[in-house]
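**Student:** Here you go, one structure.
FYI, it's all coordinate maths here, none of it is from the lab. No experiment lies behind these values; they were computed from the predicted model shown. With ideal geometry, Cβ positions are generated from the backbone for all residues, glycine too; neighbour counts draw on all protein chains shown.
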Amino acid sequence: MTYADVLARAEADPDVVGVILTGSQARGTAGPHSDWDVLVVVRSHAPRWTTSLTPALDTAVLTVAELADVSDRWARYAYRGAVVLLDRGGIAELVHAQAALSPDEVDAFVRAELDGYINFVYRAAKSRRDGHHDLARLDEIEAGPWFLWTLFAIYGRVRPYNKYLRWELEHHPLPAPWTFERVTDLPSALFDDLERVARAHGYGDVYDAWDDLSLLRAGD
């Protein structure tokens with residue numbers, strides 16, 4: 001089945017509530033080896049609509065309730081830049097809810113992810129201090145995802161997949177200094193800038209809960 005076939009079938013089926021194009025085709029970054037990623041939203045699962053993965057076309061089938069479920073945070077970036085091709089009621093709003101964080105989610109995400117980021121850069125700093133540069137490197141690697149989740153959550157956004165990080169920051173920039181080149185620096189080198197931003201957004205208490213962060217602050 002081709003991309004056009006899926007759209008035609010969906011248009012003709014009253015049980016299909018929506019069709020969503022995601023991935024590189026939706027974001028305008030498709031290359032010669034890119035496939036089409038299509039989500040078909042149905043009222044309820046039925047045998048005539050099944051998930052199918054082929055080299056040219058990935059078709060995933062989900063219900064409205066499944067589209068409304070934002071608990072899988074890693075899956076949420078798939079909806080960033082998605083194109084709603086068919087909407088028979090509320091699909092665009094659900095896509096938006098997947099691609100952005102609510103105020104309650106922002107607070108929960110930032111607090112959890114910021115604490116994890118501090119933990120790993122602190123471990124890296126202690127390892128460097130003790131001459132264990134190989135272990136420090138591993139902790140820096142682990143700190144990266146915590147940093148990205150923190151940074152994007154502060155601004156109400158879900159963390160981009162690494163593949164789309166440059167696209168995200170070029171098409172939807174964050175305030176200075178958060179360019180692509182900056183956010184891909186070593187996580188420990190971002191500590192001071194992130195602390196300033198996090199404190200400005202009301203998260204100073206996360207830092208203050210730590211006894212001593214002098215190893216991490218450039219001015220200390």
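**Student:** Taking the condition farther than 20 Å from ASP72 by Cβ and not in a helix (DSSP H, G or I), does PRO160 pass?
**Tutor:** Here the answer is no, as PRO160 does not meet what is asked.
**Student:** Here is a list: SER188, SER127, SER214. Which entry is of a type in the set (Gly, Ala, Ser), surrounded by fewer than 18 Cβ atoms within 10 Å (Cβ to Cβ) and farther than 23 Å from ALA108 by Cβ?
**Tutor:** SER214
**Student:** Output the residue which, of all residues in region 105-124 that are within 17 Å of the chain's Cα centre (by Cα) and free of Cβ contacts under 8 Å to residues at least 24 places away in the same chain, is surrounded by the fewest Cβ atoms within 10 Å (Cβ to Cβ).
**Tutor:** The extreme case among them is ALA108.
**Student:** Do we find a residue being under 22 Å from VAL70 (Cβ atoms), of a type outside the set (D, E, K, R) and part of a loop (DSSP other than H, G, I, E, B) anywhere in region 142-155?
**Tutor:** Within region 142-155, one or more residues are under 22 Å from VAL70 (Cβ atoms), of a type outside the set (D, E, K, R) and part of a loop (DSSP other than H, G, I, E, B).
**Student:** Those residues that are loosely packed, with under 15 Cβ neighbours inside 10 Å and part of a loop (DSSP other than H, G, I, E, B), I need them from region 163-183; list them, please.
**Tutor:** Selection gives HIS172, PRO173, PRO175, ALA176, PRO177, THR179.
**Student:** Report, by residue number, each residue of region 64-86 that is loosely packed, with under 15 Cβ neighbours inside 10 Å and under 22 Å from ALA112 (Cα atoms).
**Tutor:** Of everything in region 64-86, those that are loosely packed, with under 15 Cβ neighbours inside 10 Å and under 22 Å from ALA112 (Cα atoms) turn out to be ASP69, SER71, ASP72, TRP74, ALA75.
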